[in-house]
Amino acid sequence: MTAPATDERDRTGDAKRRADRDFRRELLASARAIDVFALLAVPGALIAVFALPEATRRSLVFAYTDPTLRSAFTAHYVHLSADHLLGNLAGYGLLAGVGYALAALSGRRRLFFTAFATYLGAFPLALSALNLAVPRNAIGFGFSGVNMALAGLLPILWYCYARERFFPAASVAALPAVFFGLVGWIALLALPVSTEGIGLGGLAIGVASGLLAVLYAASSEVRFPPPVREHVRTVASRPGHGDLLAVAAVVAVGYPVVGFPSDPSGGGSVVNLYVHLLGFCLGFIGPFALLAGGAFDG
């Protein structure tokens, strides 16, 4: 005797709904009130700074021709227009929210908040100082450099979550290959691509980064399991957890589209692609080095 197909679909749907509820309960149980407070403190600070008079905000931006230690830090928390602020708040909410969920459910809260505190406290000064390597008569401001550091952290948290929940044999040695691949993707997004002139730059960097990713994976003896369909089914069979893994992957690959527009000028300002790239690279390299060195083990 066989059950009707509709009964089978109903049972499958009920199982997925139960799995979703279990996932939400686990996520809520993993979150801590102090963590949520720390995450919400950032948009609170950005909004508070935006509420200051415009003249005060302009005094806090980083002038490349007249840099000060104070403005090197404060500029990253200053926005001169509501659109700029809202864009960075949305980016922060997406990156910090997804990143925290991955960290909480993989037992990597310490990794997340060590990086988080470093990005907020040290990165503004570092990014401003490195900005002086490109002399120009301009001002810099906005939270996007810190957001890009969070984007650099996301692949690491994705790996930690995937290893904890799905693939315990996954090796940290694969992460640099992912990094090179993302840098190549960023080059294709940010630089014009053509077969002549400057357009060769984006194409060349993209191809070179892709080759570096492949060569690194080969030299580090990273092995990609052949039964891809089985792993896809494994992820898909766990609603909630699998959804988070997929969403985080989409954000990791998709956010550079926002951070590295092909036309960085518009609205009377220019997107600082240089500081975005610095934020992304430094945001990845530091946590990866600590993770690979075992700083967060135990």
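Computed values, structure above
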| quantity | calculated |
| --- | --- |
| Any chance R165 is modelled with pLDDT under 85 and either surrounded by 22 or more Cβ atoms within 10 Å (Cβ to Cβ) or of a type in the set (K, R) (or both) | no |
| Test for P135: is it assigned to a loop (DSSP other than H, G, I, E, B) and without any contact (Cβ under 8 Å) to a residue 24 or more places away in the chain | no |
| Selected residue (criterion: farthest from L120 (Cα to Cα)) from residues of the stretch 252-281 that are in contact with a Pro (Cβ under 6 Å, 6 or more places away or on another chain) and surrounded by fewer than 19 Cβ atoms within 10 Å (Cβ to Cβ) | V270 |
| Residues located in the stretch 229-267, provided they are assigned to a loop (DSSP other than H, G, I, E, B) and at pLDDT 65 or above | R238, P239, G240, F260, P261, S262, D263, P264 |
| Residue within the stretch 124-133 that is among the hydrophobic types (A, V, I, L, M, F, W, C) and more than 22 Å from F260 (Cα to Cα) present | no |
| Count - residues of the stretch 277-298 that are part of a loop (DSSP other than H, G, I, E, B) and of a type in the set (A, V, I, L, M, F, W, C) | 2 |
| Leading residue by the ranking (farthest from the chain's Cα centre (by Cα)) among those in the stretch 61-80 that are assigned to a loop (DSSP other than H, G, I, E, B) and free of Cβ contacts under 8 Å to residues at least 24 places away in the same chain | D66 |
| A101 being surrounded by fewer than 21 Cβ atoms within 10 Å (Cβ to Cβ) and at pLDDT 95 or above | yes |
| Selection count where residues are surrounded by fewer than 11 Cβ atoms within 10 Å (Cβ to Cβ) and not in a helix (DSSP H, G or I), scope the stretch 47-60 | 2 |
| When residues of the stretch 78-98 are limited to those that are small (G, A, S) and surrounded by fewer than 20 Cβ atoms within 10 Å (Cβ to Cβ), the one farthest from F143 (Cα to Cα) | G97 |
| Condition met for A177 (in contact with a Phe, Trp or Tyr (Cβ under 7 Å, 6 or more places away or on another chain), within 28 Å of F62 (Cβ to Cβ) and small (G, A, S)) | no |
| Matching residues, the stretch 26-60, being of a type in the set (D, E) and within 25 Å of the chain's Cα centre (by Cα) | E26, D35 |
| Residues located in the stretch 148-182, provided they are in contact with a Leu (Cβ under 9 Å, 6 or more places away or on another chain), in contact (Cβ under 8 Å) with a residue 24 or more places away in the chain and within 12 Å of L291 (Cβ to Cβ) | L153, P155, I156, L157, C160, V172, L175, P176 |
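The values are calculated or read from the model by the stated rules, or taken from the named source; none is laboratory data. Everything quoted here is computed from the prediction, not taken from an experiment. Every residue, glycine among them, receives a Cβ derived from its backbone with ideal geometry; neighbour counts consider all protein chains shown.
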